[in-house]
1. On the given criteria, is A:HIS339 within 16 Å of DNA strand C (Cβ to nearest atom) and of a type outside the set (A, V, I, L, M, F, W, C)?
2. Look through A:ASN306, A:ASN297 and report the one residue that is within 12 Å of DNA strand B (Cβ to nearest atom), buried (at least 17 other Cβ atoms within 10 Å of the Cβ) and modelled with pLDDT under 90.
3. Cβ-Cβ under 9 Å, sequence separation 6+ or interchain: first residue in the stretch A:235-250 and assigned to a strand (DSSP E or B), partner within 13 Å of DNA strand C (Cβ to nearest atom) and of a type in the set (Asp, Glu). Which pairs?
4. Looking only at the stretch A:83-102, which residues are without any contact (Cβ under 8 Å) to a residue 12 or more places away in the chain and either touching a strand residue (DSSP E or B) at 6+ places or on another chain (Cβ under 6 Å) or more than 16 Å from DNA strand B (Cβ to nearest atom) (or both)?
5. Inside the stretch A:40-54, can you point out the residues that are outside any helix (DSSP H, G or I) and either more than 16 Å from DNA strand B (Cβ to nearest atom) or crowded, with 23+ Cβ neighbours inside 10 Å (or both)?
6. If I filter the stretch A:86-96 for residues that are among the aliphatic types (A, V, I, L, M) and either in a strand (DSSP E or B) or closer than 23 Å to A:ARG406 by Cα (or both), do I get at least one hit?
7. Looking only at the stretch A:391-425, count how many residues are exposed (fewer than 12 other Cβ atoms within 10 Å of the Cβ), over 29 Å from A:PHE327 (Cβ atoms) and either of a type outside the set (Ser, Thr, Tyr) or within 16 Å of DNA strand B (Cβ to nearest atom) (or both).
8. Name every residue in the stretch A:214-252 that is among the small types (Gly, Ala, Ser) and within 15 Å of DNA strand C (Cβ to nearest atom), in order of residue number.
Amino acid sequence: MKAIVDCNSFYCSCERVFRPDLDSRPVVVLSNNDGCIISRSDEAKALGVGMAAPYYQNKDIIDKNGVAVFSSNYNLYGDLSHRVMDVLRKLVGPQQVEVYSVDEAFLDLFDAPHAQLESFAIRIKETVECWTGIQVSIGIAPTKLLCKLANKLAKKDKRGTGGTMVIETADQQKKALEETMIDELWGVGRQYAMKLKNLGIETAWQLRNMPEEWARKHLGGVVGVRLIKELNGIPCIPMKDPLETKQMIATTRMFGKPVQRLSDLKEAVATYTSRAAEKLRRQHCAATLLDVFVVTNNYAGSYRYNPQTRHRAAKLLEATSNTNELFKVAMPMVESLYHAGSNYLKAGVMLGGLVPDGSIQGAIFREHEKHHVKDLMTAVDNINFSMRDNAVKYLASGLARNWKMRQDMKSRRFTTRWDELYKVK
DNA sequence: TCTGGGGTCCTAGGACCC
DNA sequence: TCTGGGGTCCTAGGACCC
């Protein structure tokens, strides 16, 4: 058996930990640049505030109902997320926890006694809530897909099951699947949902009873087959090794306001490149592919939002995690992508073809020089980690930073900065 | 005036090889 | 004059997730 533990309205819950006065007030948290609403408390959902809805379109409802609004505070959320995951590791063992996202983790319960699953779930839930202040819902089932489904049902009926739900027996599975519409299923997005509805399939139970060959034909090949199997309680999505490293690293941002100057665009890409390189070094990897992209909106005759992306990719001669080496490749790419007179909304850097940095093959005559550079990178990373964000930065990243994003309603970093600690009195 | 920032997996199709 | 079949690797793009 497996479980998923999911934090309820995670970002909102994080804000409430330090603002108990908001416990019964609606709360929302905005995306970077204060653009979209990406987390809503139950009260905000009840008001009809949509997920991923643009902030400005909901401003009326928000103002009228005294909704508390926050810019996203990733230092705070990241730290509380680690605390939740640490509690889970303590309860079930570090190898049994797969962190799936900032607010969700799968647990491998292969040896948990069946008769005690329900009480086990309740104990996990109560411990996490007591130790971190974050409320969670838990779904337990034989497959990941059924776990997600159980979790969704547990969330719907908070009092009945206390925010936990076990789907184990054939009866429990049938009942749960009949209650679930296909568009609520994990792995069924807008496209598949539309397709399925056109074929007359409405509930998860109906989908479960379709033959695999049918799924292979209509639902993206192996993806569809996996869906059906998982619905039938046959595990096809394995637990991931917690030590696995990423295959791709990206850093991309919208600008606070559109930029037109090449110098601003280069500063932004340099900043994202150095961020991406930091992430790369943190997982002890080097990249062999670099991709730079820029997004323009040229408002042809109207103000319609009609973004256009252009990108350049480069294969690196030598795998590297050295920020300077990456700059040397990225900067000319920005220049070649740039057209004077365009409005740039966004830019990004992606690093791919990742290899472990212990095994970098390269020019033998440069060995000495490379050790030097590695020490420098380590020093920069250490300073930035221990001091504060970007205590040491590259000049190429700029000083004026006209393009920096807006975050007008950010709470304090209560748990990760001495000068922003919560004050009791 | 204002629409996020990451990721994964899969398929199709082209280039190339023998 | 005739012009196969099988394989690999890579890239682009779609669909999905939180």
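1. Criteria not met by A:HIS339.
2. Checking each option against the conditions leaves just A:ASN297.
3. A:ALA250/A:ASP291
4. Of everything in the stretch A:83-102, those that are without any contact (Cβ under 8 Å) to a residue 12 or more places away in the chain and either touching a strand residue (DSSP E or B) at 6+ places or on another chain (Cβ under 6 Å) or more than 16 Å from DNA strand B (Cβ to nearest atom) (or both) turn out to be A:ASP86, A:ARG89, A:LYS90, A:GLY93.
5. Answer for the stretch A:40-54, where residues must be outside any helix (DSSP H, G or I) and either more than 16 Å from DNA strand B (Cβ to nearest atom) or crowded, with 23+ Cβ neighbours inside 10 Å (or both): A:ARG40, A:SER41, A:LEU47, A:GLY48.
6. No, every residue in the stretch A:86-96 fails to be among the aliphatic types (A, V, I, L, M) and either in a strand (DSSP E or B) or closer than 23 Å to A:ARG406 by Cα (or both).
7. Number of matching residues: 6.
8. A:ALA215, A:GLY220, A:GLY221, A:GLY224, A:ALA250
The values are calculated or read from the model by the stated rules, or taken from the named source; none is laboratory data. The structure presented is a predicted model; accordingly, all values stated were derived computationally and were not measured. Here the Cβ is made from the backbone with ideal geometry for all residues, glycine too, and neighbour counts use every protein chain on show.
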